[in-house]
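Peer 1: Sharing a structure here in structure tokens format.
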Amino acid sequence: MREILTITLNPAVDLDSSVAEVTPGPKLRCATPVIDPGGGGINISRAVAELGGDSTALVAAGGGMGDVLIALLRREAVSTRIIEAPGETRQSLSVIETGSGAQYRFVFPGPAWNAADVARAEREIADVVPLGGLVILSGSQPQGFAEDFAARLVWLAGQKGAGVALD
């Protein structure tokens with residue numbers, strides 16, 4: 001079986017809740033939130049684990065929300081490797097209006113990466129690409145990563161005989 005590495009460079013701590021009606025002005029009293037680790041690659045690793053498989057989720061995390069994200073991943077027994085993000089891990093909030101069934105999604109920005117942070121992350125990724133494995137890059141790309149990052153990842157993985165799936 002091929003070793004699987006998922007990469008999530010702009011993860012989030014997802015909060016999901018509901019409220020009877022979304023109206024401007026008054027405080028809206030929401031139901032107790034469900035808190036989950038979020039981000040494309042993380043979701044893939046969670047699904048692989050739920051199906052009884054193994055993968056490693058390479059996750060960029062920083063700040064207090066990064067600590068929360070890491071704890072959530074440990075709770076779900078997702079094998080992780082952490083890259084230190086240069087700022088606070090982002091959050092997202094989804095609220096379902098129970099009266100209409102409409103969903104409202106608020107996604108906050110993640111940290112901006114400078115050239116040195118990106119170079120460090122690329123080195124760390126290069127170190128863990130599995131020989132002959134499968135690398136899955138999924139989720140949004142953080143500010144500061146070059147538009148050709150995915151193409152460079154494909155080239156790097158090819159050097160190690162690994163396949164790549166991009167989402």
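Peer 1: Can you work out which of the residues in segment 4-29 that are farther than 22 Å from G132 by Cα and in a strand (DSSP E or B) is nearest to the chain's Cα centre (by Cα)?
Peer 2: The residue in question is A12.
Peer 1: Scan segment 115-167 for residues that are open to solvent by less than 50 Å² (accessible area, probe 1.4 Å) and among the aromatic types (F, W, Y) and jot them down.
Peer 2: Across segment 115-167, the qualifying residues are F145, F149.
Peer 1: For segment 67-102, name all the residues that are open to solvent by 60 Å² or more (accessible area, probe 1.4 Å) and on the phi > 0 side of the Ramachandran plot.
Peer 2: A77
Peer 1: Any chance segment 30-43 includes a residue that's small (G, A, S), within 13 Å of the chain's Cα centre (by Cα) and part of a strand (DSSP E or B)?
Peer 2: yes
Peer 1: Taking segment 37-76 as the search range and keeping residues that are of a type in the set (D, E, K, R) and in contact (Cβ under 8 Å) with a residue 24 or more places away in the chain, which one is farthest from A121 (Cα to Cα)?
Peer 2: Per the criteria, the residue is E76.
Peer 1: I need every pair where a residue in segment 108-135 that is at positive phi has its Cβ under 7 Å from the Cβ of a residue that is modelled with pLDDT of 95 or more, sequence separation at least 6 or different chains.
Peer 2: Filtered contacts from segment 108-135: G132/G161; G132/A162.
Peer 1: Moving on to the next point. For segment 140-165, give me each residue that is out of contact with any Pro (no Cβ under 7 Å at 6 or more places or on another chain), assigned to a loop (DSSP other than H, G, I, E, B) and under 19 Å from A61 (Cβ atoms).
Peer 2: Within segment 140-165, S140, Q141, Q143, G144, F145 meet the criteria.
Peer 1: Could I ask something else about it? Hey, R105 hits all of (1) surrounded by 19 or more Cβ atoms within 10 Å (Cβ to Cβ); (2) in a strand (DSSP E or B) but one; which does it fall short on?
Peer 2: Just one mismatch for R105, condition (1).
Peer 1: Let me ask something additional. Can you pull out the residues in segment 125-138 that are assigned to a loop (DSSP other than H, G, I, E, B) and under 16 Å from V48 (Cα atoms)?
Peer 2: The answer is G133, S138.
The values are calculated or read from the model by the stated rules, or taken from the named source; none is laboratory data. What you see is a predicted model, and the numbers here were worked out from it, not measured in a lab. Note that we place each Cβ from the backbone using ideal geometry, even for glycine, and neighbour counts take in every protein chain shown. Just the protein is used for accessible areas: all its heavy atoms, side chains included, with ligands, DNA and RNA removed. Shrake-Rupley method; radii C 1.70, N 1.55, O 1.52, S 1.80 Å.
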